[in-house]
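Worksheet: the structure to be examined is printed underneath.
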Amino acid sequence: MKKISVLDRILLLFTGLLAAYQISFGINELNPLPTWSYTVGFGVLLVAGLLLIILGFEGLESQAVVIVSTLIPLSISLGLVAEHLPQYKYPYLVFAVLGFAAIAITRYTAENKTATIVLAVTHGIAGSLITFLPIILSIQGKVPAGYFLVGVAGALIGVGGLLLAFLKAGKPILSQKLILTVLPLLLLLMTTAFVFGFSFN
Amino acid sequence: MNKMRSSLKTIKRKYFPLVKSLQTALLLITGIAGYMSARCPVHNIPTVLGLAGSLLLSISGSTVLNMWYDRDIDAIMPRTSKRPLSTGEVQPKEALIFGLVISVIGISWALVLDPLYGIIVFAGLFFDVVVYTIWLKRRTAWSIIWGGISGGMPILAGRVLGTGQIDWVGITLALGVLFWIPTHILTFSIRYHDDYKKAGVPTFPSTYSFQTTRLIIAISSVLATLAFGAASYGVGLTWGFMRLLVVLSVGLFVLAVQSLRSPSERITFGLFKYASLYMLSAMLLMFFTGI
C-alpha cells in the first residue's frame, strides 16, 4: 500500500476544509431533505478526508469504505433531485435507501461479481444524475450557467468511484499505486467544482 | 547580544518541554472559546489578553508542577524518559520554583481580572495538581475523572469571564471536555500500556481490560458529542455550524465504534488524533460564532 505523503495530506486537508465550508455556508435556505442530503454527502467527504490524513491510505482497506463512500453520490444526487425535481424526491429517496442497503448487504453476503454489479448500477445512476442534471438545467437556463460545474464534479466523482470500486473488487482499471496517487487531487478537484458550482445556485 | 540569544535558547530548550505545548495550547483554546461563546465584547483587547495570559500561565504552571511531582515515574517510562527532569537537565528544585512562580502569577492575574473567574482557574489547577496528580493518579484508574474535571475548568472559566456567572451552557461545555478527556487519555493509556505498567500507574487497561477501556471510550465519545451539541444550542451556533458539528460528532462516534469492533493500534491512535481534531474544531466553531 502506498504511503501517504505530505502533499497528499495537504490536498486532503483542503478537500476537508472546502467540504466543511459547503456544509456550514453553502447549503442554507433549502428545504430539510436537500439540506440533509447535501450535509451527508459533504459530511462523508469531510470525515473521509480527515480519516485518510490520520490513518493513511491503509484506511481504505476496510470493506466499510466501499459502503460508506457510496453515500457521497447517493446523497448528493438525492439533494439535487429534491431541489430541482421535487416531484420525484420520494421515489428517488426510496431508490437511494434501497440502493445503499443492497450495496451494504451484497458487500458482506453475496459473491464478488454480484456485489460489483449492484455497486456499479447504483453508483452509475447516482453519478449520471449528478453529472447530467446540472448540465441540462444550465443549458435550459433554469439555473445560472456556472451551475454546470456541479456536473463536472459529478463526472469526477464517477471516475473516482469507479476506480475505487473496481480496485476493491479486485479488478483494478489502473494500478493501485496510480489510483492512490491521483485520489487526493481528484477529491480536491471534485469538491472545488461542487463548491463553486453550488455557489451559482 | 550573542550571549543573550544563547541564554534564551537554553531557557527555551530546558523549560519549554516542561510546559507540554500542544496540551497547553488546546486547553488555552478551550478557555478562549468559552469566553467567545458568551458573545461578550470580544474586541475588549485587555480582557482577551488577560484571559489568554492568565490561563496560559496557570495551565503551564500546573503542567510543570505535575511534571515535577511525576519525575520519578517519568524516568521509568520510555515515552517520558527524555523529559528534562528525567534526564537531569533541569533540577527538581528549579522546576518546582518555576512551576510555583508562573502558577502564582497566573492565578493572581486571573483573580484581579474577575474573582469568580480566578477561583475557577485556581480550582482547575488544584484539581489537576493536588487531587489528580498527587493524591489519586498512583492509587486508582478512576483518577482521570478528576483530570477531566480540571481539563473542563478553562472553558468554564472563559465562559464565566464572558458572562459574569456560572450558567448551564458553561457547565455543559465543561462536561463536554470532561467526557472528551477519556477519549484522549484512555487511547493514550492503551497505546502506552506497558509504560504505565512498568511505572506502576493504574490505568483502565491494566485494572479492567482493553475491551472495557474501548467501550468506555466509545460511551464517553457519545456523551462528549451530546454535551457539545447541547452547549452549541445554548451558545446559539448558526444552523450551518450545528450541521458541521453533527458531521464531526458522527465521525468521532463511528471511529470509536470501529475501535470497539476491530481493535488495532492504528485505529486506537487514529481515534486519539481525531478526538483532538474534533475538540479543536468544536472550539473554533464557538470562536467564530463569537466573532
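The values are calculated or read from the model by the stated rules, or taken from the named source; none is laboratory data. Every value quoted in this text rests on a predicted model; they were computed, and no experiment measured them. For neighbour counting, all protein chains shown are included, and Cβ atoms are generated from backbone atoms with ideal geometry for every residue, glycine included.
Could you tell me how many of the residues in the range B:19-66 are crowded, with 24+ Cβ neighbours inside 10 Å, under 30 Å from B:GLN91 (Cα atoms) and of a type in the set (A, V, I, L, M)?
5
More than 14 Å from chain B (Cβ to nearest Cβ) and either more than 28 Å from A:GLY141 (Cβ to Cβ) or touching a helix residue (DSSP H, G or I) at 6+ places or on another chain (Cβ under 6 Å) (or both) - does that describe any residue in the range A:16-26? Show your work before the answer.
Keep residues of the range A:16-26 that are more than 14 Å from chain B (Cβ to nearest Cβ), which gives none.
Taking every residue of the range A:16-26 in turn, none turns out to be more than 14 Å from chain B (Cβ to nearest Cβ) and either more than 28 Å from A:GLY141 (Cβ to Cβ) or touching a helix residue (DSSP H, G or I) at 6+ places or on another chain (Cβ under 6 Å) (or both).
Residue by residue through the range B:192-220, note down the ones that are in a helix (DSSP H, G or I) and either of a type in the set (A, V, I, L, M, F, W, C) or within 14 Å of another protein chain (Cβ to nearest Cβ) (or both). Show your work before the answer.
Going through the range B:192-220, the residues in a helix (DSSP H, G or I) turn out to be B:193-199, B:204-207, B:210-220.
B:ALA199, B:PHE204, B:PHE210, B:LEU215, B:ILE216, B:ILE217, B:ALA218, B:ILE219 - these are the residues of the range B:192-220 that are in a helix (DSSP H, G or I) and either of a type in the set (A, V, I, L, M, F, W, C) or within 14 Å of another protein chain (Cβ to nearest Cβ) (or both).
Of all residues in the range A:126-153, count the ones that are without any contact (Cβ under 8 Å) to a residue 40 or more places away in the chain and in a helix (DSSP H, G or I).
7
For B:VAL235, are the conditions met, namely being within 18 Å of B:LEU175 (Cα to Cα) and at the interface with chain A (Cβ under 9 Å from one of its Cβ atoms)? Spell out how you get there, then give the answer.
Details: within 18 Å of B:LEU175 (Cα to Cα): yes; at the interface with chain A (Cβ under 9 Å from one of its Cβ atoms): no.
Criteria not met by B:VAL235.
Could you check A:ILE53 against (1) within 8 Å of chain B (Cβ to nearest Cβ); (2) touching an Asp or Glu at 6+ places or on another chain (Cβ under 9 Å) and say which number it fails?
Of the numbered conditions (1) within 8 Å of chain B (Cβ to nearest Cβ); (2) touching an Asp or Glu at 6+ places or on another chain (Cβ under 9 Å), the odd one out for A:ILE53 is (1).
What residue, among those in the range A:27-45 that are buried (at least 24 other Cβ atoms within 10 Å of the Cβ) and in contact with a Gly (Cβ under 6 Å, 6 or more places away or on another chain), is nearest to the other protein chains (Cβ to nearest Cβ)?
A:TYR38
Of the numbered conditions (1) surrounded by fewer than 18 Cβ atoms within 10 Å (Cβ to Cβ); (2) within 14 Å of chain B (Cβ to nearest Cβ); (3) touching a helix residue (DSSP H, G or I) at 6+ places or on another chain (Cβ under 7 Å), A:GLY79 fails exactly one; give the number of that condition.
So A:GLY79 meets the others, but not (1).
For the range B:256-291, what are the residues that are of a type in the set (Ser, Thr, Tyr), closer than 18 Å to B:THR172 by Cβ and within 10 Å of chain A (Cβ to nearest Cβ)? First the steps, then the outcome.
Step one: list which residues in the range B:256-291 are of a type in the set (Ser, Thr, Tyr), which gives B:259, B:262, B:264, B:268, B:274, B:276, B:278, B:281, B:289.
When the remaining residues are screened for being closer than 18 Å to B:THR172 by Cβ, the result is B:278, B:281, B:289.
Answer for the range B:256-291, where residues must be of a type in the set (Ser, Thr, Tyr), closer than 18 Å to B:THR172 by Cβ and within 10 Å of chain A (Cβ to nearest Cβ): B:TYR278, B:SER281.
In the range B:175-188, which residues are at pLDDT 90 or above and surrounded by fewer than 22 Cβ atoms within 10 Å (Cβ to Cβ)?
Selection gives B:PHE179 alone.
Considering the range A:62-75 alone, what residues qualify as being facing another protein chain (nearest Cβ under 10 Å) and in a helix (DSSP H, G or I)? Reasoning before the result, please.
Residues of the range A:62-75 that are facing another protein chain (nearest Cβ under 10 Å), as a first pass: A:62, A:64, A:68.
Within the range A:62-75, A:ALA64, A:VAL68 qualify.
State the number of residues belonging to the range B:168-191 that are in contact (Cβ under 8 Å) with a residue 60 or more places away in the chain and either closer than 30 Å to B:ASP114 by Cα or of a type in the set (A, V, I, L, M) (or both). Let's see the steps before the verdict.
Start the filter on the range B:168-191 by keeping residues that are in contact (Cβ under 8 Å) with a residue 60 or more places away in the chain, which leaves B:168-170, B:172-173, B:176-177, B:180, B:183-184, B:187-188, B:190-191.
With either closer than 30 Å to B:ASP114 by Cα or of a type in the set (A, V, I, L, M) (or both) added as a condition, the list becomes B:168-170, B:172-173, B:176-177, B:180, B:190.
Counting residues in the range B:168-191 that are in contact (Cβ under 8 Å) with a residue 60 or more places away in the chain and either closer than 30 Å to B:ASP114 by Cα or of a type in the set (A, V, I, L, M) (or both) gives 9.
If you go through the range A:130-149 one residue at a time, do you hit one that is of a type outside the set (D, E, K, R), under 25 Å from A:ARG9 (Cα atoms) and under 15 Å from the mean Cα position of the chain (by Cα)?
Step one: list which residues in the range A:130-149 are of a type outside the set (D, E, K, R), which gives A:130-141, A:143-149.
With under 25 Å from A:ARG9 (Cα atoms) added as a condition, the list becomes A:149.
Applying the additional criterion that residues be under 15 Å from the mean Cα position of the chain (by Cα) yields A:149.
Within the range A:130-149, one or more residues are of a type outside the set (D, E, K, R), under 25 Å from A:ARG9 (Cα atoms) and under 15 Å from the mean Cα position of the chain (by Cα).
Given the options A:ALA165, A:ALA193, name the one that is over 20 Å from A:LEU13 (Cβ atoms), crowded, with 19+ Cβ neighbours inside 10 Å and of a type outside the set (Ser, Thr, Tyr).
Values: A:ALA193 fails: over 20 Å from A:LEU13 (Cβ atoms).
Checking each option against the conditions leaves just A:ALA165.
Might you let me know whether the range B:21-38 holds any residue that is of a type in the set (A, V, I, L, M), part of a helix (DSSP H, G or I), farther than 26 Å from B:TRP168 by Cα and under 12 Å from the mean Cα position of the chain (by Cα)? First the steps, then the outcome.
Initially, the range B:21-38 is screened for residues of a type in the set (A, V, I, L, M), giving B:22, B:25-29, B:32-33, B:36, B:38.
Subset that is part of a helix (DSSP H, G or I): B:22, B:25-29, B:32-33, B:36.
Then keep just the ones that are farther than 26 Å from B:TRP168 by Cα; that gives B:22.
Applying the additional criterion that residues be under 12 Å from the mean Cα position of the chain (by Cα) yields B:22.
Scanning the range B:21-38, I find at least one residue that is of a type in the set (A, V, I, L, M), part of a helix (DSSP H, G or I), farther than 26 Å from B:TRP168 by Cα and under 12 Å from the mean Cα position of the chain (by Cα), so the answer is yes.
What about B:PHE253, is it part of a helix (DSSP H, G or I) and either within 11 Å of another protein chain (Cβ to nearest Cβ) or of a type in the set (D, E, K, R) (or both)? Quick ask: steps written out before the conclusion?
Values: part of a helix (DSSP H, G or I): yes; either within 11 Å of another protein chain (Cβ to nearest Cβ) or of a type in the set (D, E, K, R) (or both): yes.
For B:PHE253, the condition - part of a helix (DSSP H, G or I) and either within 11 Å of another protein chain (Cβ to nearest Cβ) or of a type in the set (D, E, K, R) (or both) - is met.
Looking only at the range B:60-104, which residues are part of a helix (DSSP H, G or I), free of Cβ contacts under 8 Å to residues at least 60 places away in the same chain and among the hydroxyl-bearing types (Ser, Thr, Tyr)?
B:SER60, B:THR63, B:SER86, B:THR87, B:SER103
Please verify whether the range A:48-70 includes one or more residues that are closer than 20 Å to A:ASN201 by Cβ and either within 12 Å of the chain's Cα centre (by Cα) or at pLDDT 95 or above (or both). Reasoning before the result, please.
Just the residues of the range A:48-70 that are closer than 20 Å to A:ASN201 by Cβ, to begin with: none.
No, there is no match, as no residue in the range A:48-70 is closer than 20 Å to A:ASN201 by Cβ and either within 12 Å of the chain's Cα centre (by Cα) or at pLDDT 95 or above (or both).
With of a type in the set (A, V, I, L, M), surrounded by fewer than 22 Cβ atoms within 10 Å (Cβ to Cβ) and touching a helix residue (DSSP H, G or I) at 6+ places or on another chain (Cβ under 6 Å) as the only criterion, which of B:ILE97, B:ILE73 stands out?
Sole residue among the options that is of a type in the set (A, V, I, L, M), surrounded by fewer than 22 Cβ atoms within 10 Å (Cβ to Cβ) and touching a helix residue (DSSP H, G or I) at 6+ places or on another chain (Cβ under 6 Å): B:ILE73.
Return yes or no: is A:LEU17 surrounded by fewer than 19 Cβ atoms within 10 Å (Cβ to Cβ) and assigned to a helix (DSSP H, G or I)?
Working: surrounded by fewer than 19 Cβ atoms within 10 Å (Cβ to Cβ): yes; assigned to a helix (DSSP H, G or I): yes.
So A:LEU17 passes the test.
Conditions: (1) within 30 Å of B:LEU111 (Cα to Cα); (2) in a helix (DSSP H, G or I); (3) touching a Lys or Arg at 6+ places or on another chain (Cβ under 9 Å). B:LEU186 meets all but one. Number of the miss?
So B:LEU186 meets the others, but not (1).
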